[in-house]
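Here the structure comes first, spelled out in structure tokens, and everything after it is commentary.
Bear in mind these aren't lab numbers, they're just calculated from the coordinates by the rules spelled out. This structure is a prediction, so every number in the text was calculated from the model and none was measured. Neighbour counts run over all protein chains shown; Cβ positions are idealised from the backbone, glycine included.
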Amino acid sequence: MRLHWHRTDLRPSDNLPLVRGDDPILPVYVFDPKVLAHAAPPRVAFVRDSLATLRSWYRARESDLLVVRGEAPAELARLADEYDAETVSWARAYSGLGRRRDDRVADRLAEMGVESRTVHDHLHHEPGSITTNDGDPYQVYSYFWKKWRDREKESSVAAPGADRLVDPGTHTPIPTLADLGFDEPEATIPPGGYETARHRLNDFCSGPIYDYETGRDRPAADATSRLSPHLTHGTVGVRTVHDRVVSAREDAPDEAAREAVETFRGELAWREFYHHVLHFNPAVVTENYRDYENDIEWRSDEEALRAWRDGETGYPIVDAGMRQLREEAYMHNRVRMIVASFLTKDLLIDWREGYDWFRRKLVDHNPANDNGGWQWAASTGTDAQPYFRIFNPMTQGERHDTDAEYIREYVPELRGVAPDRIHDWHELSDAERRRTAPEYPAPIVDHSERREAALAMFERARGERAD
Ligand SMILES: Cc1cc2nc3c(=O)[nH]c(=O)nc-3n(C[C@H](O)[C@H](O)[C@H](O)COP(=O)(O)OP(=O)(O)OC[C@H]3O[C@@H](n4cnc5c(N)ncnc54)[C@H](O)[C@@H]3O)c2cc1C
């Protein structure tokens with residue numbers, strides 16, 4: 001008999017470690033306090049919801065998902081002993097922390113003579129399988145993408161048959177958020193579960209994917225897949241997503257639609273690129289990927305950090321994004337780039353503060369993508385935005401939210417204000433601002449001044465100036 005340890009693979013089908021082999025399977029999920037120490041209410045809520053759906057799937061097949069609390073090595077050892085399991089299977093982790101945890105579990109099981117079967121599942125191509133001709137991991141996405149794009153991909157696999165599933169003979173409840181030591185999330189969390197993921201994927205691939213090229217940079221259009229929580233928590237398998245995307249490409253009505261599908265595939269490749277970066281550089285979760293000659297002199301400014309977190313900076317597109325995050329535990333990609341640039345290049349605050357806030361607030365947070373995004377914006381990452389390319393938050397707002405639809409959705413103080421006034425907010429006098437939207441704050445910094453200060457900060461870090 002085999003225990004299957006579900007982690008970020010909260011689905012029955014297209015789950016390689018679950019289905020491989022022909023041994024009877026008993027599924028288990030462990031709420032480990034060491035993992036929960038890095039978690040936050042939005043993600044725990046999503047996981048609970050997804051576990052309930054997964055458990056129903058097992059129960060409909062006369063099995064059940066065991067849900068236990070405790071440190072994974074001890075809990076899995078206890079269950080292996082109790083159920084006389086010969087093997088424990090799970091999908092391999094790629095972060096430094098995740099790999100160390102996997103090793104501890106495997107060591108503990110080995111002491112008892114229980115086999116650990118770890119399977120590569122979470123990405124199409126395992127770290128180390130796409131490298132430069134010298135065998136080194138890629139530091140530049142465009143070269144990685146070319147190989148990723150052309151490399152053959154495995155197809156999705158079916159769920160295990162009911163005849164392979166074991167009935168544990170007991171029902172274990174899913175602990176509440178309070179049981180686990182979390183408050184209710186402030187945001188409305190999207191529904192979890194493998195069925196929701198499948199619908200989301202099908203809806204997106206049946207139409208919106210063909211407009212992805214143009215729509216993805218317009219936050220008001222809601223033209224992206226919103227699959228990120230599902231890919232993060234594994235309520236959908238990567239092979240299922242890719243198979244569906246490839247079939248959408250085959251059905252594409254014209255060349256432009258085919259190109260849009262290819263652009264979407266490129267985003268899936270970014271996800272894998274950042275997982276490879278994290279695998280080979282586990283320290284990036286706390287350290288700059290890229291070394292500068294001197295330390296970057298980030299500023300400590302609690303008041304500005306608070307304004308950024310609360311969406312009260314007086315820069316409408318930034319505030320709309322931060323409020324979307326607070327309300328939905330999600331933020332549109334274009335706006336993530338803008339708010340990350342604003343924190344690091346306008347407020348001159350360390351990207352680690354932003355990463356930490358996103359870790360606490362995003363339902364789709366995973367260290368690989370979140371860190372990749374932050375270090376890109378802060379010009380400290382692999383293949384990052386050059387330090388001298390600094391987003392202007394006003395022109396970004398005007399270009400990507402021209403009619404201020406997105407801004408007005410999330411910033412009610414600006415609802416009655418014309419788009420051109422919103423995009424010129426920084427240029428209005430205090431009196432004009434008071435007349436136009438008295439509840440909305442004036443910009444907390446002057447972008448042009450801060451741009452100069454950011455350039456000077458990076459030039460000092462590069463050893464190009466001393467003042
Ligand atoms: C500062 C910052 C922080 C971010 N933090 C996260 C995070 O914690 N978790 C996360 O999944 N994504 C993160 N991203 C990447 C991206 O913003 C989200 O994946 C995307 O907005 C999710 O919406 P979607 O599923 O509709 O994306 P789509 O546009 O529909 O893309 C499909 C999938 O491709 C992947 N993807 C898309 N864009 C990127 C990207 N730039 N980098 C890596 N993968 C990508 C995601 O898995 C996404 O679900 C971050 C980006 C930035 C700039």
Query raised in the report: Based on the Cβ-Cβ distance of Phe388 and Thr286, what FRET efficiency does E = 1/(1 + (r/R0)^6) give at R0 = 22 Å, to the nearest 0.05?
Result: 0.30
Report task. Starting at the first residue of segment 276-284, write each ³J(HN,Hα) from the Karplus equation 6.51 cos²θ - 1.76 cosθ + 1.60 with θ = phi - 60°, in whole Hz, x for Gly and Pro. Result -> 5, 4, 5, 4, 7, 9, x, 6, 4
Report summary line: For the pair Arg435 and Asp254, the simple spin-label estimate (label points 7 Å beyond Cα toward Cβ) gives in nm 4.7 nm
Query raised in the report: Can you list the HN-Hα couplings for segment 35-44, worked out from phi with the Karplus curve (6.51, -1.76, 1.60; θ = phi - 60°), rounded to whole Hz and with x for Gly and Pro?
Result: 7, 4, 4, 9, 8, 7, x, x, 6, 5
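Have a look at the DSSP beta bridges in the chain and tell me what percent are antiparallel, nearest 5. Working shown, then result.
On the way: 1 of 19 bridges.
Antiparallel bridges: around 5 percent, rounded to the nearest 5.
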**Report entry** Estimated FRET transfer efficiency (Asp84, Asn133; beta-carbon r; R0 51 Å; 0.05)
**Finding:** 0.55
Query raised in the report: Which ³J(HN,Hα) values in Hz, rounded to whole numbers, follow from the phi angles of segment 367-377 under the Karplus curve 6.51 cos²θ - 1.76 cosθ + 1.60, where θ = phi - 60° and Gly and Pro get x?
Result: x, 5, 6, 5, 5, x, x, 5, 6, 5, 5
Report task. Give me the lysines in straight-line cross-link reach of Lys345: C-alpha distance below 22 Å, same-chain residues under 8 apart excluded. Result -> Lys361
Query - Folded to 0 to 90 degrees: helix 238-250 orientation relative to the chain principal axis, Cα - result: 60 degrees
Requested in this report: Measure out, as a whole number of angstrom, how far apart the alpha-carbon centroids of segment 247-272 and segment 336-402 sit.
Outcome: 25 Å
Query raised in the report: Between segment 113-153 and segment 418-467, what's the alpha-carbon centroid distance in Å?
Result: 42 Å
Query raised in the report: On full extension of the chain, what length is gained from Lys147 through Asp424, given 0.36 nm per residue of separation minus the C-alpha to C-alpha distance?
Result: 95.3 nm
Requested in this report: Using only Cα atoms, find the angle between the long axis of helix 447-461 and the longest principal axis of the chain, and express it within 0 to 90 degrees, rounded to the nearest 10.
Outcome: 60 degrees
**Report entry** Label zone at Leu36 (point 7 Å along Cα-to-Cβ), backbone N below 19 Å, segment 81-99
**Finding:** 98
Query - segment 165-210-segment 277-296 distance, computed between alpha-carbon centres (Å) - result: 33 Å
